[in-house]
1. When we measure straight from the Cα of Lys78, which lysines land under 16 angstrom away, once same-chain ones fewer than 8 places off are left out?
2. Over the chain, what number does the Rg to Rh ratio reach, with both radii from the alpha-carbon atoms and Rh per Kirkwood?
3. With θ taken as phi - 60° and the coefficients 6.51, -1.76 and 1.60, list the Karplus ³J(HN,Hα) couplings across the stretch 192-203 in order, rounded to whole Hz; mark glycine and proline as x.
4. Using a Förster distance of 25 Å, how high is the FRET efficiency between Leu188 and Thr151, based on the Cβ-Cβ distance and rounded to 0.05?
5. Of all DSSP beta bridges located in the chain, what percent are antiparallel, nearest 5?
6. With everything on Cα atoms, drop me the angle between helix 178-188 and the longest principal axis of the chain, reported from 0 to 90° to the nearest 10.
7. Normalised by the residues of the chain, what does the relative contact order come to in percent, with Cα pairs under 8 Å and at least six apart?
8. Once the dipole of the stretch 8-244 is set up with Lys and Arg at +1 and Asp and Glu at -1 on Cβ about the Cα centre, which of Ser16, Asn27, Leu232 lies farthest towards its positive end?
Amino acid sequence: MEFNKARKIIGIRVLSDNVIWIWENNNSAVVIDPALSQPVIDYLKGNNLNLEAILQTHHHLDHIGGTVELIKEWPNVKVIASVKEKDRIPFQNLSVKEGDTLHLLDEEVQVLEVMGHTISHIAFYIHSKVPVLFIGDTLFSAGCGRIFEGTYKQMYDSLKKIKSLPKNTLIYCAHEYTKSNLLWALDLEPENQNIKNKLIEVEKKIALKELTIPCLLEEEMKINLFLKADNLKGFSYLRANKDLWV
Ligand code: ZN
Ligand code: FE
């Protein structure tokens with residue numbers, strides 16, 4: 001394996017706040033959670049890229065909505081999803097579970113189960129000197145996913161799993177929620193200078209129409225109150241508070 005390789009991963013903003021990630025190498029590409037098909041088709045065709053795989057973190061429509069159309073364009077594409085989601089992601093053709101390793105674009109990708117947002121949400125981790133995590137709706141910059149199907153304990157354990165990864169892991173989340181998450185965090189911790197600084201940085205990026213993600217795990221440990229919570233009770237309080245805040 002080649003280390004320190006510069007990886008090309010671009011984000012396409014769709015719907016109100018979704019981000020579709022496209023990871024490319026030479027003439028091949030992997031798409032993560034295609035909410036829509038057309039922007040992906042336009043990008044891949046415009047850049048002469050063959051779609052090798054689609055990674056699905058969970059079954060929500062804003063993550064799988066474009067997949068069927070992409071399969072029509074690239075009939076040999078691998079559609080990789082949790083083995084537990086054969087009913088809700090029926091077009092999957094490569095079913096995976098916690099601990100599985102995939103070989104994509106000359107790299108090793110590990111499957112992590114991160115339950116909470118849904119009961120079988122998974123994440124994809126590129127294990128290398130410059131680690132990358134495609135985390136779907138489990139973690140957002142300065143926030144975390146709503147607990148729709150799982151328990152507080154499952155989500156808390158999923159965040160612990162993320163915290164155990166190398167600090168230089170770049171985290172690619174599926175939504176651009178950073179600013180509103182930071183405003184919520186500042187409501188709770190108005191004196192937190194790390195969060196204030198991050199808000200300034202994020203507002204600059206937004207003014208330039210840039211994405212505020214991916215985020216770096218090391219930085220999230222300082223600004224993400226959910227990651228900073230060190231017990232289940234504290235985490236549950238924050239999650240319930242955030243549910244009512246919006
Ligand atoms: Zn979702
Ligand atoms: Fe989503």
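Every number in this text was worked out from the coordinates using simple rules, so none of it is lab data. Quantities reported herein were computed from a predicted structural model and do not represent experimental measurements. Positions of Cβ are generated from backbone atoms using ideal geometry, with glycine treated the same way; all protein chains shown enter the neighbour counts.
1. Reachable lysines: Lys86, Lys97.
2. Details: Rg = 17.4 Å, Rh = 18.3 Å.
Expressed as Rg/Rh, it is 0.95.
3. 6, 5, 4, 6, 4, 4, 5, 4, 4, 4, 5, 5
4. Working: r = 23 Å, r/R0 = 0.91.
The calculated FRET efficiency here is 0.65.
5. Working: 29 of 44 bridges.
Looking only at bridges with both residues in the chain, the antiparallel portion is about 65 percent.
6. Tilt of helix 178-188: around 20 degrees.
7. 14 percent
8. Leu232
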